Structures are given as C-alpha cells and as structure tokens.
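See structure below.
The values are calculated or read from the model by the stated rules, or taken from the named source; none is laboratory data. Quick caveat: nothing in here was measured; it's all calculated off a predicted structure. Positions of Cβ are backbone-derived with ideal geometry, glycine not excepted, and every protein chain shown enters the neighbour counts. Ligands, DNA and RNA are stripped out before the accessible areas are found, and what is left, the full protein with its side chains, is counted by its heavy atoms. Shrake-Rupley method; radii C 1.70, N 1.55, O 1.52, S 1.80 Å.
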Amino acid sequence: YCCNLPFMDYPLAQRFSDFTGIAKVMIENDANAAAKGESVCGAAKGYRNSITITLGTGVGGGIVIENGVYAGFNFAAAELGHIVIDFGGVQCACGRKGCWEQYSSATALIRQGREAVEKNPDSLIVKMVNGDLSKIEARTVIDAAREGDKVACEVYDKYIYYLAIGIVAIINAFDPEIIALGGGVSKAGDFLLKPLREKVAKYVFYKDLPYAKIEIATLGSDAGIIGAAMLGK
C-alpha cells in the first residue's frame, strides 16, 4: 500500500523482474534503504541503533536496531511521518488528520510559507519569487529566515517546533543513539540543527540521561542507492 501512489497489493518486484529480465528483484522502502546506507557508511556509521528521517515531499523514516533495519510484522514499520502530532489537524493523504509529515516535510514548509505571505505580502519571501507564490520552495523560506525576515522567521520557528515534537516522540519511543536527518530541508545544515537541538532538549522526556545525537545525514541522495545495494546482504 502507498498513500501517495495508486498502488494496492501490486506485484512491483515481479513487474521489474519481467521488464528487466533479472530473476531476483528486491523492493525496499526508500527511507529504510537510506537508513541502512547511513548506518553502514554515513552519519550513523559506528552506531548500532539509529534512525534516519528524510524531510522531503513527505517525512520518511528508517529504524536500525542492532545494525538491522526494523521492518515490523508486515514489513511496513517506520512510517514515522504518520505519527499524529495534532489531532484533528491538517488533512493528510493517508486519510487521517494531523500527521507529522503535514507539518515537518518540505511540502509542509512550502504550504506554511505560502499561507503566511498571503497575509503578509511585504515579506522577503514574496520578493525572492518575484511575486509568484507558486515558486516558493522550502529553501525560499529558509533563505528568507536567514536574512532575518520576520514572517519567514516565524514560519521557520514554528516548523522547527513541529519537527522537534515528532523527534522527541521518536526518541522517547526508541531511544536511538543517533538520528540522521536527510532530504531537502536538511541542506540547511546548522541553521536547522541549532534551533532543533535546543527545542528537543527542552521537550525530551529523560533530561538526566544522554539521548540521541541529531546530525545531518552525509550520503545525500545516494543514501537510498547505497542502502538498496545492501539488501541482499
């Protein structure tokens, strides 16, 4: 099942096998593959328990426990983007409301930016896209926030808050050694990490114990490719 694509009980691996002539084809969730890649030779290398979160079109998640990707009973685990953080909140493609990815994905940041500038047309965000709100991207909001634009800073701060709330829930549930952040938003680097770490420190449950380091994933768009290459091992 995939809530963002029209697939339901679709034999994807077999179709790839038929198309390529390769007898053995394995399929893996992209975030799971990225988590495997980061754990073997990326930001989470050397840690036995890690979680990789991708901040892109949605919020993807991959969980590594004792060096193995946690798949769950139905091989459907780690849909972290569908943790509900705002009951009755923004409608999600999965059919529910208030899912984390509706607040912490790049898509969410774009939506939040557009909504904000509709009420504040003098924002630097608008100037950066020459008045065409359809051209607002996540990095537009981030770049405007770097420049100190009040509207962009407010949007970005709220975005970081929602991101922190989800990460705290994950830390409380899984107690990983490290969380690696990938996807387009992660390119903000320290401009993302510094305020995020501060908010996580404020809200995390066990403040008297060491908790997960939060770092930027290092493999970029290659993380999933590298992880997928390891599926048969």
List the DSSP H helices in the chain whose Cα atoms stretch 30 Å or more along the helix axis and whose mean Kyte-Doolittle hydropathy is at least -1.0. 150-174
Using the Cα centre as the reference, give the magnitude of the dipole from point charges on the C-beta atoms of region 58-159 (Lys, Arg: +1; Asp, Glu: -1; all else neutral), rounded to the nearest 20 debye. 180
Quick check on the chain: helices-only [θ] at 222 nm, where DSSP H runs of length 4 and up contribute -39,500 (n - 2.57) each and the sum goes over total residues. Nearest 500, please. -13000 deg cm²/dmol
Round to a whole number: what % of the accessible area of the chain belongs to carbon and sulfur, probe 1.4 Å? 55
Antiparallel as a % of all DSSP beta bridges within the chain, to the nearest 5? 55
Using a 1.4 Å probe, how large is the accessible area of Ser134, given in Å² and rounded to the nearest 10? 80
Stokes-Einstein D for region 103-205, Kirkwood Rh over Cα pairs, 25 °C, 0.890 mPa s (µm²/s): 174
Region 1-66 - percent relative contact order, Cα under 8 Å, separation 6 or more: 23
According to the Cβ-distance criterion of 4.7 Å, cysteines of the chain with no possible disulfide partner are Cys2, Cys41, Cys153
Pulled fully out, how much extra length does the chain show between Glu118 and Asp9, if you take 0.36 nm times their separation in residues and subtract their Cα-Cα distance? 35.1 nm
Using a 7 Å offset from the Cα along the Cα-to-Cβ direction at both Asp190 and Ser221, what is the distance between the two label points in nm, to one decimal? 2.7
Selection from Asn32, Tyr211, Tyr159 lying farthest towards where the dipole of the chain points positive, charges on Cβ: Tyr211
1.4 Å probe accessible area per residue over the chain, in Å²: 55
Checked against the positive end of the charge dipole of region 90-159 (+1 on Cβ of Lys and Arg, -1 on Cβ of Asp and Glu, about the Cα centre), the farthest of Ile125, Cys99, Ala144 is Cys99
If you place +1 on the Cβ of every Lys and Arg and -1 on the Cβ of every Asp and Glu, how big does the dipole about the Cα centre of region 157-213 come out, in debye to the nearest 20? 180
Based on alpha-carbon atoms only, what is the radius of gyration of region 154-229 relative to the globular estimate 2.2 N^0.38 Å? 1.15
In terms of the Cα gyration tensor, with a ≥ b ≥ c the square roots of its eigenvalues, is region 134-180 rounded because a/c is under 1.5, prolate because a/b exceeds b/c, or oblate? prolate
With charges set only on the Cβ (+1 for Lys and Arg, -1 for Asp and Glu), what does the dipole of the chain come to about its Cα centre, in debye to the nearest 20? 120
For Val84 and Thr57 in the same chain, what is the full-extension length gain: residue separation times 0.36 nm, less their Cα-Cα distance, in nm? 8.0 nm
Give the shape of region 40-136 as rounded, prolate or oblate, defined through the alpha-carbon gyration tensor: a ≥ b ≥ c are the square roots of its eigenvalues, a/c under 1.5 means rounded, and otherwise the shape is prolate if a/b is larger than b/c and oblate if not. oblate
Nearest-0.05 FRET efficiency for Arg96 and Cys153, computed from C-beta distance (R0 30 Å): 0.50
Can you tell me the order of 142-151, 9-18, 156-165 when each peptide is scored by its average per-residue count of other Cβ atoms within 10 angstrom, highest first? 156-165, 142-151, 9-18
